[in-house]
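Heads up: the structure comes next, in structure tokens.
Read-outs throughout are calculated quantities, based only on the coordinates presented, and are distinct from any laboratory measurement. Keep in mind the model is a prediction, meaning the values are calculated, not measured. All Cβ positions, even for glycine, are placed from backbone atoms using ideal geometry, and neighbour counts span all protein chains on display.
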Amino acid sequence: GAGVSQSPSNKVTEKGKDVELRCDPISGHTALYWYRQSLGQGLEFLIYFQGNSAPDKSGLPSDRFSAERTGGSVSTLTIQRTQQEDSAVYLCASSFGLAFYEQFFGPGTRLTVL
Amino acid sequence: KQEVTQIPAALSVPEGENLVLNCSFTDSAIYNLQWFRQDPGKGLTSLLLIQSSQREQTSGRLNASLDKSSGRSTLYIAASQPGDSATYLCASTGANSKLTFGKGITLSVRP
């Protein structure tokens, strides 16, 4: 079956602009996760959703970052007023449930802020 | 706060060698441990998941073990091939369901 998909695959933007990154999880997966992979920081957790709710937003780097999930499926990660330090690969993962379940990752969105 | 360490950061071996990749973690209160493979410019491919109640999992030439009490996991690759060249990451799942990753081991298998 289809895996996790993310769009766009690459995004180049100018400092100060807003960007939206999209994630389509595997059908039937109720949990969805966002991670960021940057050269200096490695892979870091940003936020997760169980259904449409995000119980823990403490992993978001700043209040310029927000995420939502609608219909228990597609999720959007929005970065407002982008900064150069936001440049990274943003990875989305999904799983059948929380904690005990294997997470499956999408190919990522490479964001470059000029 | 969970910390996951993978040492060394890079490894180069000749084809056919059996090898062990190490992963250590500081907090043993984990739900499971997952090993991933990442090829350059690509996303993560899940290789093996070991639940906290399990000791090991096997898939083909790969075998992963987990020792919660010592905070260690190993990924054993049998009869390595050039196609195994990639970065291997381990990650633990904690109470808030988030994965905490190591920085990865970049493996190069020489023909």
**OP:** Compare A:ALA88, A:ALA99, A:ALA54 in a GNM of chain A, Cα atoms joined below 10 Å, and give the one with the largest fluctuation.
**Re:** A:ALA99
Original post:
Which number do you get for Rg(Cα) / (2.2 N^0.38 Å) in segment B:1-90?
Top reply: 1.06
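How big is the dipole moment of the protein assembly as shown about its Cα centre under a simple scheme where the beta carbon of each Lys and Arg is +1, that of each Asp and Glu is -1, and everything else is neutral? Debye, nearest 20, please.
140 debye
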Original post:
Remind me, relative contact order of chain B in percent, using alpha carbon pairs under 8 angstrom and six or more residues apart?
Top reply: 37 percent
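Over chain A, calculate the relative contact order: mean separation of alpha carbon pairs under 8 Å at least 6 apart, over the residue count, as a percent.
37 percent
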Original post:
Cα convex hull of chain A: how many Å³ per residue?
Top reply: 94 Å³
Original post:
Percentage of Cα-Cα pair distances in the protein assembly as shown greater than 23 Å, rounded to whole percent?
Top reply: 48 percent
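What is the fewest-to-most order of B:LYS103, A:LYS15 by other Cβ atoms lying within 10 Å of their Cβ? Display every interim value, and only then the final one.
Values: B:LYS103 16, A:LYS15 11.
Fewest-to-most ranking of B:LYS103, A:LYS15: A:LYS15, B:LYS103.
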**OP:** Please name which of A:ALA88, A:TYR101, A:TYR35 has its Cα lying farthest along the dipole of the protein assembly as shown towards the positive end, using unit charges on Cβ (Lys, Arg +1; Asp, Glu -1) and the Cα centre as origin.
**Re:** A:ALA88
Original post:
Among the listed pairs A:LYS15/B:LYS98; A:LYS17/A:LYS57; B:LYS42/B:LYS68; A:LYS11/A:LYS57; B:LYS1/B:LYS42; A:LYS15/B:LYS103, which are separated by more than 26 Å between their Cα atoms?
Top reply: A:LYS15/B:LYS98; B:LYS42/B:LYS68; B:LYS1/B:LYS42; A:LYS15/B:LYS103
Subject >> Scattering curve values for segment A:56-114, log₁₀ I(q)/I(0), Debye with Cα scatterers, q = 0.17, 0.25, 0.29 Å⁻¹ >> reply: -0.70, -1.26, -1.37
Original post:
Quick one: what Rg and Dmax do you get for segment A:1-51 from the alpha carbons, in Å?
Top reply: 13.1, 38
